[in-house]
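What follows is calculated from the coordinates using simple rules that are stated; it is not laboratory data. Everything numeric in this text was worked out from a predicted model, so none of it was measured. Counting neighbours? That spans all protein chains shown, and the Cβs are built from the backbone with ideal geometry, glycine included.
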Amino acid sequence: MTTPDASAAPPLGDAFHVFDTTLRDGAQREGISYSVADKLAVATLLDELGVGFIEGGWPGAMPKDTEFFARAAAGELKLRTAQLVAFGATRKAGTTAAADPQVLALLDSGAPVVTLVAKSDVRHVERALRTTQEENLAMVRDTVEFLVGHGRRVFLDCEHFFDGYAVDPDYGLRVGEAAIGAGADVMVLCDTNGGQLPGTLGETVAEVLQRTGFRLGIHCQDDTGCAVANTVSAVRAGASHVQCTANGYGERAGNADLFAVLGNLVTKLDLPVLPDGRLAELVRVSHAIAELANIAPNTHQAYVGASAFSHKAGLHASAIKVDPELYNHLDPEVVGNDMHILITEMAGRASVELKARELGVELARRPDVVSRVVDEVKTREAQGFSYEAADASFELLLRDELASADGRGVPVPFRLESYRVIVENPPRPGSGAVSSEATVKVMIGDRRVIVTAEGNGPVNALDSALRSALEDEFTELRHVSLTDYKVRILAGNAGTDSITRVLVTSSDRHRDWTTVGVHPNVVEASWQALVDSLIFALDFVQGPEPIEPQAPAR
């Protein structure tokens with residue numbers, strides 16, 4: 001197992017601990033099941049971010065975790081900043097640490113740091129462990145002494161600390177005293193049930209610090225929605241060790257979100273708890289871990305969500321046009337994010353100008369184009385179009401309006417003559433299958449192309465036929481794939497004759513984009529979105545000439 005490079009240590013050194021437990025506590029989230037390879041990849045990402053400690057799991061109790069530590073020790077995990085941590089419990093009642101197989105497994109893991117969990121609530125000692133208060137203290141003392149004696153650094157997680165402190169404010173401190181007296185470095189106060197609020201939690205942390213003088217840590221669950229606020233409150237009260245999980249993953253409502261906590265500590269409390277330059281990795285690491293967890297990123301997540309710095313109202317955009325800081329609490333680039341202007345019926349002139357600039361088109365000297373675009377967006381959104389979710393369709397609209405204002409046409413790579421879709425059920429007696437067939441007729445320049453294709457449904461058949469018609473001429477489209485398809489009924493009172501909005505997301509080897517279509521016929525709405533998607537793809541892969549701003553005619 002590699003030893004962290006001292007030159008890469010965070011500016012605060014050991015004065016402040018950023019402790020990540022994504023691979024242990026975070027893995028308890030419903031729906032997450034990391035493979036060992038996933039765990040190694042997540043640990044590497046967390047190390048790249050610059051956290052100080054990575055809790056890898058519970059060796060000896062979980063075979064997958066035992067394998068993870070073995071492969072890490074064999075050199076498959078090369079850490080530059082972080083130290084690997086093994087998690088386990090104190091010895092069982094009535095035995096010794098040296099004779100407890102689970103404690104011995106912590107040594108066998110090879111991890112230089114061990115986190116021990118211990119009961120700090122008298123009710124849990126007596127009802128869950130079914131032992132005496134004194135035996136529980138002995139279990140803590142013996143296990144810490146044993147591990148420290150074998151060269152391990154030990155942190156003690158005081159489970160259910162805050163709930164226990166409210167019942168008996170002395171016993172939890174006795175547990176901490178047993179651990180610190182035996183050589184543990186940190187007494188971690190755990191809000192295991194997640195029921196605390198920032199004010200009272202901060203007061204308790206300050207009181208415990210005043211009574212003990214120990215180095216304190218904080219571990220918060222999010223059952224009240226306050227895990228991040230509770231963590232920050234604990235730090236302000238004197239805690240110097242924070243335990244978090246990537247994206248707030250965890251059991252029930254989750255844990256304190258590592259990325260929100262780091263964003264707050266660095267940008268709001270001015271604590272340099274990460275190595276220089278690593279804060280800008282927040283978005284990349286957050287999304288990469290979400291991919292490994294097979295969970296869609298939370299678009300509205302603080303600091304790292306795709307919508308964290310998005311603005312929809314025209315009033316916001318007008319102010320942002322003057323000074324982005326007026327409606328952003330920090331520069332999005334600080335955490336690796338971007339600002340986005342959403343185009344909807346609420347958009348004003350400033351929104352359109354800023355969105356165009358985001359797309360590489362400067363309209364500051366084109367008030368005529370801005371007015372045309374604003375009016376067209378409002379008209380189309382009233383019909384059911386949604387451009388805040390379809391940037392690609394908005395960019396095509398912007399190009400059309402700019403070209404029209406300049407009295408020129410927009411080159412179109414192909415033109416539809418007609419399409420036809422046939423749905424047959426069943427195609428063969430007794431087969432039970434539903435067959436869809438589509439025929440498209442398109443003009444590519446002066447050449448007429450007719451193609452028929454089958455698909456799983458009418459939209460899939462249309463997509464296949466259109467691509468087949470175009471791919472010989474536009475080979476770039478072979479790298480374009482449809483990755484998402486959403487249908488929404490907009491006018492429910494019309495039943496099956498309702499207006500339908502379709503959003504199509506496509507991707508190639510470079511990026512993703514979304515287009516929109518609206519029509520009472522779901523096939524036509526889908527066709528509009530599909531056509532826009534392929535036109536946008538061709539513009540992108542062929543590298544269209546940049547749209548230069550022009551002064552309005554006088």
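Please give me, ordered by residue number, the trypsin sites (Lys or Arg not before Pro) of the stretch 54-157 that lie in loop per DSSP and have at most 12 other Cβ atoms within 10 Å. Those satisfying the criteria are LYS78, ARG130. Its relative contact order, with pairs defined as Cα atoms under 8 Å and 6+ residues apart, puts the stretch 6-293 at 21 percent. Counted by neighbouring Cβ atoms within 10 Å, the residues SER464, SER33 run from fewest to most as SER33, SER464.
Dipole magnitude for the stretch 6-293: about 320 debye, using +1 per Lys or Arg Cβ and -1 per Asp or Glu Cβ, origin at the Cα centre. Of the trypsin sites (Lys or Arg not before Pro) found in the stretch 205-296, those in coil by DSSP whose Cβ has at most 15 other Cβ atoms within 10 Å are ARG252, LYS268.
Going by neighbour counts of Cβ atoms within 10 Å, the residues PHE19, PHE414 line up, fewest first, as PHE414, PHE19. Here the extension length gained between ILE32 and SER481 equals 158.9 nm, from 0.36 nm per residue of separation less the Cα-Cα distance.
Given R0 = 60 Å, the distance between the Cβ atoms of ALA99 and ALA166 translates into a calculated FRET efficiency of 0.95.
Using the Cβ-Cβ distance between THR452 and ASP512 with R0 = 30 Å, the FRET efficiency computed as 1/(1 + (r/R0)^6) comes to roughly 0.55.
The label-point distance for LYS78 and ARG130, in a model that sets each label 7 Å from Cα toward Cβ, rounds to 5.0 nm. Classified by the C-alpha gyration tensor, the stretch 414-473 has a prolate form. Its axis ratio a/c, with a ≥ b ≥ c, is 1.5 or above, and a/b is larger than b/c.
Farthest towards the positive end of the charge dipole of the stretch 114-204, among the residues LEU116, TYR165, CYS190, is the Cα of LEU116, using unit charges on the Cβ of Lys, Arg, Asp and Glu. Pairs exceeding 19 Å between alpha-carbon atoms, taken from LYS39/LYS268; LYS64/LYS119; LYS39/LYS64: LYS39/LYS268; LYS64/LYS119.
Taking neighbour Cβ counts within 10 Å as the exposure measure, how do ASP463, ASP185 sort from fewest upward?
ASP185, ASP463
Each label was represented as a point 7 Å from its Cα along the Cα-to-Cβ direction; for SER468 and ARG252 these points are 5.6 nm apart.
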